[in-house]
Amino acid sequence: MIRLVNVNKSFRGHVVLQNLSLTIPGGQTTVIIGGSGGGKSVLLKHIIGLIQPDSGEIWIDDDELTQLKEKDLYRVRKRFGMLFQEGALFDSMNVGQNVAFPILEHRKLPFAEVEKLVAEKLELVGLPGIESKMPAELSGGMRKRVALARAIALDPDILLFDEPTTGLDPIMTAAIDELIIDTQKRFHMTCVVISHDIQSVFRIGHKIAMLYEGRIIEEGVPEEFRDSKNELVQNFLTPLCR
């Protein structure tokens, strides 16, 4: 589904991604881990085409993003949904308006049909009937669920998550993990997740990749990753697994 080939990116002389190559299987959840400030969010923005690499290729199926014209890049981006770290809900809009936003932006549908779709998406994330509530009235976990409802509003086949459980307690973290697992299975989506929570990583990931100094230094299924002989991987995992 997604391939990055020898991707390089620097900002004002600071190298963030360096000859990075990674294959992300379709219809599975790939989790990317690594230290803070190591380029994980930059990598995610390359995948969705928000940032262009200095060199290298980014393939989404048969589309190579760096070669696409703006209208074709827009077409590919419509295949994506994204859940940002803080949810990124519009505080001036109620829940229903937040979830409806991408539908209204990209589809010309009667208002009643939009309302129906919003209700369906909120039902899917376990929050039926809260359309009139404002984001400020919601708990952190509820905000993440509403943000997920918005992310899947256009039925994307690729879903990106940037630290989806940051700031949540262990119980809510487990609930969000289960929601990611259920969403991926239900729609057979390709999911890419950035996470620092190692328990979450092994709970949701079909494949795990570790980013270090701009490169992917280890990748594999959870069992292979847990048993990695790479010292950098073990140093990263061990303190977090105690």
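Selection over region 77-112 of residues that are surrounded by fewer than 14 Cβ atoms within 10 Å (Cβ to Cβ) and polar (S, T, N, Q) gives a count of 1.
State whether one or more residues within region 79-92 are under 30 Å from Lys133 (Cβ atoms) and in a helix (DSSP H, G or I). No, that holds for no residue. Within region 60-68, can one find any residue that is under 16 Å from the mean Cα position of the chain (by Cα) and farther than 21 Å from Ala209 by Cα? Within region 60-68 (the criterion being under 16 Å from the mean Cα position of the chain (by Cα) and farther than 21 Å from Ala209 by Cα), the answer is no, since none of the residues qualifies. Scanning region 22-69 for residues that are more than 29 Å from Arg186 (Cα to Cα) and exposed (fewer than 15 other Cβ atoms within 10 Å of the Cβ) gives Gly35, Ser36, Gly37, Gln52, Asp54, Ser55, Gln67, Lys69. Counting the residues of region 123-135 that are exposed (fewer than 12 other Cβ atoms within 10 Å of the Cβ) and more than 10 Å from Met93 (Cα to Cα) gives 2.
Return yes when Gln28 is free of Cβ contacts under 8 Å to residues at least 40 places away in the same chain and either assigned by TED's automatic domain parsing to the domain that holds Ser200 or not hydroxyl-bearing (Ser, Thr, Tyr) (or both) and no when it is not.
Details: free of Cβ contacts under 8 Å to residues at least 40 places away in the same chain: no; either assigned by TED's automatic domain parsing to the domain that holds Ser200 or not hydroxyl-bearing (Ser, Thr, Tyr) (or both): yes.
No: the conditions fail for Gln28.
Identify the residue in region 127-174 that is of a type in the set (Asp, Glu) and within 19 Å of Val192 (Cα to Cα) and, among all such residues, is farthest from the chain's Cα centre (by Cα). Of everything passing the filter in region 127-174, Asp155 is farthest from the chain's Cα centre (by Cα).
The values are calculated or read from the model by the stated rules, or taken from the named source; none is laboratory data. Note that the coordinates shown come from a computational prediction; the quantities given were computed from them, not determined experimentally. Every residue, glycine as well, gets a Cβ built from its backbone with ideal geometry; the counts of neighbours run over all protein chains shown.
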